[in-house]
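Q: The structure that follows is given in the form of structure tokens.
Since every read-out is calculated from the coordinates, none of them should be taken as a lab result. What you are looking at is a predicted structure, and each value in this text was computed from that prediction instead of being measured. So basically every Cβ, Gly included, is an ideal-geometry build from the backbone, and we count neighbours across all protein chains shown.
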Amino acid sequence: NPELQQALALQAVADAQKAVNTTERNSRYTQSTASQADIDAQKAQVVMARDALDKANEDYEPHANKPEDNLTRAHFLSRQAAAQQVYDDAVRKLNAMQGTGSEVDINVAKAEYFTAKAALLQAERDLERVLEGPDPGEVALLEAQIEKGYRDFEIFSAGPDPDDVTLAEARIANAEAQLAAGKEMLADLELVAPFEGVISAVHVNPSEWVAPGSPVLLMADLNHLQVKTTDLSEIDVARISLDDTAVVTFDALPDLVLEGTV
């Protein structure tokens, strides 16, 4: 609602200016000692401000539940905030007039004044933006976003394009083919031995190229060991037949005795 925005912006500037004037006076009073007459007059101001605040609260109460963009509600809410500000300022001013402020009080009063000045500058800038209207660039961007939203909605409502469906199906088929090829390549990376055993020798190093047919490693089946010996005379050889039982010992392992078959 442009009218409400302008009214609120104008009221914000007025409230900010009033806060600047009040904090400036409070800062001066904090650094000086007031007469008894001034103190009595300020007490009367506090009572009047309290009465005005009570009246503003009563006026606002019937409109408190109305929508936020309601002009009447905004008017009475602004009056209530202004009355509260006047009352708070009157109380602070009275407290300051009843004795010379301490260094902390003086610093607080100065800080409140500078804060009020900054708030006034911000309120004036906000009012200027409201009076000038929205930025053309921002309006164009919002219009483009709305137009895109309408286009997206139309596309969604019309359903998928047949060409897009065909293209998506082709992409799915291609992805499935690549997946199958990848699984096949992964299976080729696994070497399966024809029997269980242990690797007793490796003939290549990591990252080394291997030619087709070249041995890569040597496996041994330790469950079926073969022992070869040449320490037999011709006379002893004539006495040995297949399936004869033999006892095998090793000089390096004198306690190990193995039984085998010729």
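Q: Could you tally the net charge around Val262, taking each other residue with its Cβ under 9 Å from the Cβ of Val262, Lys/Arg +1 and Asp/Glu -1?
A: -2
Q: I want to verify a result. In a Gaussian network model of the chain, Cα cutoff 10 Å, which of these has the top mean-square fluctuation: Ala116, Ala82, Ala187?
A: Among Ala116, Ala82, Ala187, the largest mean-square fluctuation in the Gaussian network model of the chain belongs to Ala187.
Q: What helices does the chain hold that run 15 Å or longer along their axis, going by alpha-carbon atoms, with a Kyte-Doolittle average of -0.5 or more, using DSSP H for the helix calls?
A: Membrane-span-like by this criterion, though nothing is claimed about a membrane: 71-97, 103-132, 136-158, 162-188.
Q: Could you work out the relative contact order of the range 2-134? I mean the mean sequence separation of Cα pairs under 8 Å and 6+ apart, divided by the number of residues, in percent.
A: 51
Q: Show which aspartates and glutamates lie in cross-link reach of Lys148 when reach means a straight Cα distance below 17 angstrom and same-chain residues fewer than eight apart are skipped.
A: Glu138
Q: Write down, largest first, the equivalent ellipsoid semi-axes of the chain in whole Å, where each equals the square root of 5 times an eigenvalue of the alpha-carbon gyration tensor.
A: Largest first, the chain gives 102, 37, 18 Å.
Q: Top mean-square fluctuation among Ala16, Ala220, Ala177, Gaussian network model of the chain, C-alpha springs under 10 Å?
A: Ranking Ala16, Ala220, Ala177 by mean-square fluctuation puts Ala220 first.
Q: Regarding the range 2-134, what are the three Cα extents along the principal axes, ordered largest first, in Å?
A: Ordered largest first, the range 2-134 gives principal extents of 48, 32, 20 Å.
Q: Okay, next question. Cβ under 12 Å from Ala170's Cβ, Ala170 left aside: what net charge do those residues give with Lys, Arg +1 and Asp, Glu -1? Provide the component values of the computation, followed by the final result.
A: Numbers: positive: Arg171; negative: Asp163, Asp164, Glu169, Glu176.
Taking every Cβ under 12 Å from that of Ala170, the sum is -3.
Q: If you average the alpha carbon positions of the range 77-95 and of the range 127-188, how far apart do those two centres end up, in angstrom?
A: If you average the Cα positions of each part, the centres end up 55 Å apart.
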